[in-house]
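Some notes on the structure that comes next.
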Amino acid sequence: MRTLNGKVAVITGGNSGIGYATAKKLKEEGATVIITGRSDKKVKTAANELGVQGIIADVSDLSAIDSAVSQIKKEFESIDILFVNAGVFVPMPVGQNTEEGVDTLININFKGAVFTIEKFLPILNDGGSIINLSSINAYTGMPNTAVYGATKAALNSYTRAAATELAARKIRVNALNPGPIATPIFSKTGMSDEQLKGMGDMMQNRIPLKRYGRPEEIAEMVAFLASDKASFITGAEYNVDGGLNVNPIFAA
């Protein structure tokens, strides 16, 4: 039996990686799915492939979020599921952080996530579900992720407080902390193939299950948290990391 029949779901950053896999999964579970993203071409291509609706919206642009909310409200009136997935990874060592890099990470990973929730709340039905995509980097202290991890730690803190405040509306707010997942996010960092391979080898050696995760494995968790099967779960964080958080990455 499909677990999300009749539900309307919005997925930010839904044109690739975890967002794309989750859009596919939620649709399979019966939900009407809307994906958003920054690239007109990529969003349209993904929406056509998935058979869902696509809207162009950069979460670092608050007016773009407003426009997306207005369009969705006009077409669907309200939503039931909000997967706050859009995010970027910019590796920077301490002592070499740039203002541009810090602003990008904060504006997308934290400010963008917060205002996505804030602006969708008026059209999110009571009893709805918000799932925030965070990262185990909120805890690992992995080199070159000080600011990235800080944005995810901030998102987890926001998740806990939001869960408390939105409980009166029976809205559940939870976070997922993925470990390394095989998605295009790493190839967008500007790192060389050799650097990416070195980072990948280091991570996989630390992961007890000895492999990267798959986007579909995160999608399964999102579908669960979005469904009535998780009706008594709010303010929680789930590590989906192959055991990495119990065998953390330390500096060499």
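Name the single residue that is nearest to L133 (Cα to Cα) among those in region 186-223 being within 20 Å of the chain's Cα centre (by Cα) and at pLDDT below 70. I'd like the intermediate steps shown before the answer.
To start, the set of residues in region 186-223 that are within 20 Å of the chain's Cα centre (by Cα) comprises 186-189, 212-223.
Checking which are at pLDDT below 70 leaves us with 186-189.
Details: F186: 16, S187: 19, K188: 18, T189: 19 Å.
The selected residue is F186.
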Notebook entry, point to check: Cβ-Cβ below 8 Å, separation at least six or inter-chain, first residue in region 143-155 and among the basic types (K, R), second in a loop (DSSP other than H, G, I, E, B): which pairs?
Noted result: K152/S134; K152/S135
Item checked: region 23-40, residues that are in contact with a Ser or Thr (Cβ under 6 Å, 6 or more places away or on another chain) and assigned to a loop (DSSP other than H, G, I, E, B) -> E29
Next item on the list: Any chance you could count how many residues in region 43-77 are in a helix (DSSP H, G or I) and either without any contact (Cβ under 8 Å) to a residue 60 or more places away in the chain or within 20 Å of Y20 (Cα to Cα) (or both)?
Entry: 22
Item checked: Sole residue being hydrophobic (A, V, I, L, M, F, W, C), buried (at least 20 other Cβ atoms within 10 Å of the Cβ) and over 21 Å from I117 (Cα atoms), chosen from V8, V90 -> V90
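Consider V43 carefully, then state whether it is farther than 21 Å from S227 by Cα, touching a Ser or Thr at 6+ places or on another chain (Cβ under 6 Å) and either surrounded by 21 or more Cβ atoms within 10 Å (Cβ to Cβ) or modelled with pLDDT of 95 or more (or both).
no
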Notebook entry, point to check: Does region 133-143 contain any residue that is part of a helix (DSSP H, G or I), buried (at least 21 other Cβ atoms within 10 Å of the Cβ) and under 17 Å from the mean Cα position of the chain (by Cα)?
Noted result: yes
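Working carefully through the options N239, N245, N177, find the one that is in contact with a strand residue (DSSP E or B) (Cβ under 6 Å, 6 or more places away or on another chain) and modelled with pLDDT under 85. Before the answer, list the steps.
Numbers: N239 fails: modelled with pLDDT under 85; N177 fails: modelled with pLDDT under 85.
Criteria check complete, one pass: N245.
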Notebook entry, point to check: Of (1) modelled with pLDDT under 90; (2) part of a helix (DSSP H, G or I); (3) under 21 Å from N85 (Cα atoms), T183 satisfies all except one. Which?
Noted result: (2)
Checklist line | region 43-60: number of residues that are of a type in the set (D, E, K, R) and farther than 16 Å from K25 by Cβ | finding: 2
Note to self: For the list (1) more than 22 Å from E216 (Cβ to Cβ); (2) not in a strand (DSSP E or B), I need the number of the one condition that Y20 fails.
What the structure shows: (1)
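The values are calculated or read from the model by the stated rules, or taken from the named source; none is laboratory data. Note that the structure is predicted; figures quoted are calculated from it, not measured. Cβ: placed from backbone, ideal geometry, glycine included. Neighbour counts: every protein chain shown.
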